[in-house]
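Below is one structure, written out as structure tokens, with a few remarks after it.
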Amino acid sequence: MQRRGGKRIRMDDPPPPEYESPMTPMTPMDGSGSEVQEPYNTPYTPYSNQPATPLHSGTEMYNTDQYTETQTTSQFQNTQFEQSQQQQHLYEQQQFDIQQQQSVSGFDQAVQYEQPATPANLRTRVTRSRARGAAAAAAAANASTTSASSPVAQTTQQRPQRVMTIEEPKKRRPGRKPLSELVAEDESCLYFIIRQGKASLQTVVDDWIESYKVNRDAALLSLMQFFINASGCKGKITPTMQASMEHAAIIRKMTEEFDEESGEYPLIMTGQTWKKFRNNFCEFVQILVKQCQYSIIYDQYLMDNVISLLTGLSDSQVRAFRHTATLAAMKLMTALVDVALTVSINLDNTQRQYEAERQKARDKRASDRLEALMTKRQELEENMDEIKNMLTYMFKSVFVHRYRDTLPEIRAICMAEIGVWMKKFHQNFLDDSYLKYIGWTLHDKVGEVRLKCLQALQPLYASEELKGKLELFTSKFKDRIVAMTLDKEYDVAVQAVRLVISILKHHREILTDKDCEHVYELVYSSHRAVAQAAGEFLNERLFVPDEEAAGVKTKRGKKRLPNTPLIRDLVQFFIESELHEHGAYLVDSLIESNEMMKDWECMTDLLLEEPGPNEEALDDRQETSLIEIMVCCIRQAATGEPPVGRGPTRKILSAKELKQVQDDKTRLTEHFIQTLPQLLDKYRADPEKLANLLAIPQYFELDVYTTARQEMFLDSLLKKIKTIVEKHHDQDVLETCTKTLEVLCTEGNAIFTRCDVARSTLIDMIVNKYKEAMDDWRTLIEGEETPDEDETFNVVYSLKKVSIFYNCHNLGPWSIWDSIFKDIVEAKEGSKSLPEEAIKYCIAACFFSIMWDLRHLEELQEGGGGGAEEAANLRNKLHQFMDTMKDMLLNGPCQLYKEEAYITVCDLLVVFCDQLASNPVLANLVYEPDRALQLMLIDFIETFVFVMEEDDEQDEHSKIEELHKRRNFLASFCKLVVYNVIPTKAAADVFKHYVKYYNDYGDIIKATLGKAREINKTNCARTMALSLTMLFKELPRDGIRINRQSEDFVSLKELAKRFALSFGLDAVKNREAITALHREGILFSVDPLENVEDPTGPPPNLPFLEILAEFTNKLLKQDKRVVLNFLDRRIATGMPSSRGEDWQPLLMYRNSLVHGETDQPLVTSKRAYGRKKKENAGAEEEEGVEEADEVNSDQEFALGY
């Protein structure tokens, strides 16, 4: 349990109960947990015979200023206000008589409700049923309405009008059942049946229709109750409420009943049950309309009431009602669109039959059939008009207001459904007056909503017949769609690229070259899905098969393959993109969508076959680019792995993908086994091309050499590798050769013996050349002669080959350690020294020799052997080498030696750290760095890493290379801290440069800081304090004073601020670390306490308290008191001149501890810290222990030290 005041800090105690339940992340809530937004002015307007689309036309349709972000007002706002003024008489308050209502309904009517007119009151449409003379029903309805409303009219005259505001829903009392239980108590209700999902929805709808035919009021009541319960409200609509109250009043009553404080409701709740309910909810609405489409939806009762209720709920201030009703209304419109399509088809068929019958001869014409067809056509036309009327009313009453709702889920629903309407019922909805809503919402600030917009447009652009209706929209919003290919949400960017592809297919002339270039660049995106979508765009725009190039032949008459012109275009695109180090990313973007990326024969023919009379030969740059692309294709086809940074780090391939990879690997092996030797022959003089080509065998299925009887090609390859190693000295070529040879010599392969013999022969040649070169060199040196360039060249490059091959192959059996180590010792001493570059390769070779010895020792241990003697020899070798490296690091005659020694020491310290201690034989090999070695490493990074660039004459490439090298040096040191090889305290010399060198090394230092905190929070905090004090000591002083306005002091404060931010928001978790940091800072500030220069002045280091104040807001309230007590005992506030300028840091720091408790609201990782109920009870206890706290605070502060 956490204790208050200056009590002991116990970080190992379990967290108190208030941290166990994290708060639900929500938008601002009202008292009930239900989101409330500003009231909407959405009047209930009656159905009318208005046109099917909003009355807007021409280019005024797309004024993008009207929708720049979610909350902007649409052009409907003014018209809505005018409508509300014109229909003010429809909104007069009709209040119920309280006593009469109590006697009739049986529940207390505490509030008198407003009764805005709903479609139930305003049925002024001239509909089909009325036209047919349903006068009796209409009269009965009017009579009942009059009798029901007469008391209301009297009440309206007797009592003054009251405008009722929606009360905040009540909070749930403790012990109440959760939402899922409360609303599921009635097992016969629609909500329970649909949520359980045990009965088929078709059966549920059929049963409801049967009940509707028996008693439509009761059936409608159950449907209304379903929508209320589906919103998470436990309120119940009684038959009396249904009969006597308007929908607006019912909604208000339900709002009062909505008392769930969690803010959750079925549509947003997680879990399989609720996901299934969401699907069932949508499907139920659509099946209901489908089953009622022939009669019930036209009965002037069901749809009027359902639409009225959903319209009212969708305008509610309660988020759950608004969200649920909007979803239901949008799905209802989608279902009505399906009905409209059916009616449209029937209408067309009827019209066709009528025309056919009418065109018959008079004597063959059936007049009764003509009359029946005419009646049927008239009925279908009336049905279509009525459905369009419903759609238009719901669009204006629900969609127009909800498409810009504050809740992104609601906006997303609107965009998803309008896309469905446009696709299905394009005659009515694919119009610029509707398209503009999607265009405006493309600017939405939430990615999910933007995604729904693009998904809505996708099928429209993919349809050939609809493209004509999209021209104006495309011209207005094309730039926005193209810009969205760079969206920060990757899903949106992918969909935007696909939409641009559809635009390219059907509106090719609209996209400019600049638009296309925007998409081209995305093939190099770090996100794989975006890059692959851009690759599909490239396939559509650039890589189009050329029919004319089909008959082209090579010089010797071989017919060029169909992909030849496409591969030429690919090479040219790669060259023009000027990103030659990123060929693997281009390949990854295209390899799954374009078969040319695996057309090995086409690629090798372009390289090996001489061009025909009608062809242009590839130039050198094109050949280099093609080889690079080809090798990247081979690598990805053979491994199935995307390049670094694309996709997951460890992708697990499916069985299908594994089979595809295996097939690709076999095919490319069969092809390149024969063609690779020819390619190596052709390009044997070009190191850049050779380095790529020599990597190809690393991806071979090596068994093919024996199963296909291709050993002769293997012998040829091995001979060519030997020749290349003998003649070439390029680093990349030699490294690729040694790696390829390592793969070919994998134990267990059928070709291992053959390859191992070739490897031994090759190493013999390398070692012999090294020995010959060294013998010649030593002979000349002993004869006091100066070696010429040839002798120097032979020594340097023979050692280079030895060190490179030592990396992948164990050269231990060739016994060259003594010779190489002797050269290093001589170089250190400065006598008979080899060239600097040669010593660099000697150091690398010795390092690899030690690593191979350790590997051999580990293999002996795995095999159960002893290895004690080998371990002793290795320990002697390691200590000899490390001593030599330390001497070279300290006293090396040149920078190159120091750099190599530094890297080698760091790497060996990581390898021979405590991890070996678990093995008794290897435990003696652990090498622990002493303080002297730590200081050497720190001195190196201070000298060669944290230096300002002064050489302006260097070109940009050289500067980048230098920076890369310095970053490697820093990373090598930081690894020692991260792996706990050296204490965290040693990192203070790195942390102090965090701000000054942030651009160059900020990411490395930040990562090290994070890892150091994981190792030990308190030690990391002390290290921060140490780095700050080190910089403080370096500040320039004016006599004894420090200028607190100087740039250096401000920079130090900035560093402290960065350190403080790195602790995050969880003050409880960092409690001990923060207090330790303050203790260190205070002790430094008051040491020495006496000011020798000015006895009445402040301590010399007192300004450091101003730096320390940056960490005060990370302290808990009770810990501030402890720190304050600790400070006051170290330095008294009543000292002479304590109010002077020099004492301001102390006053500033004290004030931050005393008054800074409310500077920043405290947040922890789980829940806001505090004990509301125990604050008063704990006050007396705090007062009682204050004196004891003061006495014990020093000891408490010393915790962990």
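The values are calculated or read from the model by the stated rules, or taken from the named source; none is laboratory data. This structure is a prediction, so every number in the text was calculated from the model and none was measured. Here the Cβ is made from the backbone with ideal geometry for all residues, glycine too, and neighbour counts use every protein chain on show. Calculation scope for accessible area: heavy atoms of the full protein, side chains included, ligands and nucleic acids excluded. Shrake-Rupley method; radii C 1.70, N 1.55, O 1.52, S 1.80 Å.
For (1) open to solvent by 30 Å² or more (accessible area, probe 1.4 Å); (2) among the aromatic types (Phe, Trp, Tyr); (3) free of Cβ contacts under 8 Å to residues at least 60 places away in the same chain; (4) in contact with a Pro (Cβ under 9 Å, 6 or more places away or on another chain), each residue gets a yes or a no:
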position: 910; (1), (2), (3), (4): yes, no, no, no
position: 924; (1), (2), (3), (4): yes, no, yes, no
position: 937; (1), (2), (3), (4): no, no, yes, yes
position: 940; (1), (2), (3), (4): no, yes, yes, no
position: 949; (1), (2), (3), (4): yes, no, yes, no
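Just a yes or no: is a residue in the range 763-776 open to solvent by 30 Å² or more (accessible area, probe 1.4 Å), at pLDDT 95 or above and more than 27 Å from residue 833 (Cβ to Cβ)? For the range 763-776, residues open to solvent by 30 Å² or more (accessible area, probe 1.4 Å), at pLDDT 95 or above and more than 27 Å from residue 833 (Cβ to Cβ): present.
Any chance you could count how many residues in the range 596-629 are surrounded by 15 or more Cβ atoms within 10 Å (Cβ to Cβ), in contact (Cβ under 8 Å) with a residue 60 or more places away in the chain, in a helix (DSSP H, G or I) and not β-branched (Val, Ile, Thr)? Residues flagged as surrounded by 15 or more Cβ atoms within 10 Å (Cβ to Cβ), in contact (Cβ under 8 Å) with a residue 60 or more places away in the chain, in a helix (DSSP H, G or I) and not β-branched (Val, Ile, Thr) within the range 596-629 amount to 5.
Out of the residues in the range 824-854 meeting the condition of being in a helix (DSSP H, G or I) and free of Cβ contacts under 8 Å to residues at least 12 places away in the same chain, tell me which one is nearest to residue 805 (Cα to Cα). Step through it out loud before you land on a result.
Of the range 824-854, the ones in a helix (DSSP H, G or I) are 824-829, 836-854.
Okay, now just the ones that are also free of Cβ contacts under 8 Å to residues at least 12 places away in the same chain, so 826, 829.
Values: 826: 24, 829: 27 Å.
The qualifying residue nearest to residue 805 (Cα to Cα) is 826.
Does residue 456 satisfy the criteria of being in contact (Cβ under 8 Å) with a residue 12 or more places away in the chain, over 28 Å from residue 431 (Cβ atoms) and crowded, with 16+ Cβ neighbours inside 10 Å? No; evaluated as a whole, the condition is false for this residue.
Take the conditions (1) outside any helix (DSSP H, G or I); (2) open to solvent by less than 30 Å² (accessible area, probe 1.4 Å); residue 748 misses just one of them, which is (2). When residue 403 is tested against (1) open to solvent by 10 Å² or more (accessible area, probe 1.4 Å); (2) touching a residue at least 24 places away in the same chain (Cβ under 8 Å); (3) hydroxyl-bearing (Ser, Thr, Tyr), exactly one condition is not met: (1).
For residue 724, the criteria (1) free of Cβ contacts under 8 Å to residues at least 24 places away in the same chain; (2) part of a helix (DSSP H, G or I); (3) not hydroxyl-bearing (Ser, Thr, Tyr) hold in every case but one, which is (1). Checked against (1) surrounded by fewer than 16 Cβ atoms within 10 Å (Cβ to Cβ); (2) over 40 Å from the mean Cα position of the chain (by Cα), residue 592 passes all but condition (2). When the range 1010-1031 is filtered for residues that are small (Gly, Ala, Ser) and under 33 Å from the mean Cα position of the chain (by Cα), the ones remaining, listed by number, are 1010, 1012, 1021. Taking the range 979-1007 as the range and being over 20 Å from residue 936 (Cα atoms) and in a helix (DSSP H, G or I) as the test, the residues that pass are 998, 999, 1000, 1001, 1002, 1003, 1004, 1006, 1007.
Taken as a whole, the range 704-717 holds at least one residue that is closer than 29 Å to residue 660 by Cα, at pLDDT below 95, assigned to a loop (DSSP other than H, G, I, E, B) and among the charged types (D, E, K, R).
In the range 684-716, which residues are farther than 25 Å from residue 753 by Cα, of a type in the set (A, V, I, L, M, F, W, C) and out of contact with any helix residue (DSSP H, G or I) (no Cβ under 6 Å at 6 or more places or on another chain)?
Let us first name the residues in the range 684-716 that are farther than 25 Å from residue 753 by Cα, namely 684-692.
Going one step further and asking which of them are of a type in the set (A, V, I, L, M, F, W, C), we end up with 685, 690-691.
Residue satisfying the conditions is 685 alone.
Taken over the range 516-528, the residue count meeting the criterion of being touching a Ser or Thr at 6+ places or on another chain (Cβ under 9 Å) and among the acidic types (Asp, Glu) is 1. Cβ separations smaller than 6 Å between residues 6+ apart or across chains give the following pairs from the range 333-358 residues that are assigned to a helix (DSSP H, G or I) to residues that are open to solvent by less than 50 Å² (accessible area, probe 1.4 Å) and of a type in the set (S, T, N, Q): 339/293; 343/383.
Let's see how each residue does on (1) in contact with a Ser or Thr (Cβ under 8 Å, 6 or more places away or on another chain); (2) open to solvent by 20 Å² or more (accessible area, probe 1.4 Å); (3) modelled with pLDDT of 90 or more; (4) not in a helix (DSSP H, G or I):
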{"site": "1049", "(1), (2), (3), (4)": "no, no, yes, no"}
{"site": "1091", "(1), (2), (3), (4)": "no, no, no, yes"}
{"site": "1100", "(1), (2), (3), (4)": "no, yes, no, yes"}
{"site": "1110", "(1), (2), (3), (4)": "no, yes, yes, no"}
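The one condition from (1) touching a Leu at 6+ places or on another chain (Cβ under 6 Å); (2) without any contact (Cβ under 8 Å) to a residue 40 or more places away in the chain that residue 530 does not meet is (2). Criterion applied to 828, 832 was being more than 22 Å from residue 982 (Cβ to Cβ), surrounded by fewer than 17 Cβ atoms within 10 Å (Cβ to Cβ) and more than 46 Å from the chain's Cα centre (by Cα), and the one residue passing it is 832. For the range 529-548, a tally of residues being open to solvent by 10 Å² or more (accessible area, probe 1.4 Å) and either touching a Ser or Thr at 6+ places or on another chain (Cβ under 8 Å) or under 19 Å from residue 474 (Cβ atoms) (or both) returns 5.
Residues that are in contact with a Phe, Trp or Tyr (Cβ under 8 Å, 6 or more places away or on another chain) and among the polar types (S, T, N, Q) are absent from the range 861-877. Among the residues making up the range 466-478, those that are in contact (Cβ under 8 Å) with a residue 12 or more places away in the chain and either buried (at least 17 other Cβ atoms within 10 Å of the Cβ) or part of a helix (DSSP H, G or I) (or both) are 467, 469, 470, 471, 472, 473, 474, 475, 476, 477, 478. Taken together, 869, 928 contain a single residue that is open to solvent by 10 Å² or more (accessible area, probe 1.4 Å), of a type outside the set (Phe, Trp, Tyr) and part of a helix (DSSP H, G or I), which is 869. Scanning the range 486-497 for residues that are surrounded by fewer than 19 Cβ atoms within 10 Å (Cβ to Cβ) and either without any contact (Cβ under 8 Å) to a residue 40 or more places away in the chain or not in a loop (DSSP other than H, G, I, E, B) (or both) returns 486, 490, 491. Listed conditions (1) out of contact with any His (no Cβ under 8 Å at 6 or more places or on another chain); (2) open to solvent by 30 Å² or more (accessible area, probe 1.4 Å); (3) at negative phi are all met by residue 702, apart from (2).
Considering every residue within the range 527-545, establish whether at least one is of a type outside the set (S, T, N, Q), over 35 Å from the mean Cα position of the chain (by Cα) and under 22 Å from residue 597 (Cβ atoms).
Within the range 527-545, one or more residues are of a type outside the set (S, T, N, Q), over 35 Å from the mean Cα position of the chain (by Cα) and under 22 Å from residue 597 (Cβ atoms).
So for the range 632-643 (the condition being free of Cβ contacts under 8 Å to residues at least 24 places away in the same chain and more than 17 Å from residue 583 (Cβ to Cβ)), does at least one residue qualify? Yes, some residue in the range 632-643 is free of Cβ contacts under 8 Å to residues at least 24 places away in the same chain and more than 17 Å from residue 583 (Cβ to Cβ). Quickly run through the range 1018-1043 and pick out the residues that are more than 18 Å from residue 986 (Cβ to Cβ) and buried (at least 17 other Cβ atoms within 10 Å of the Cβ). Within the range 1018-1043, 1032, 1042 meet the criteria.
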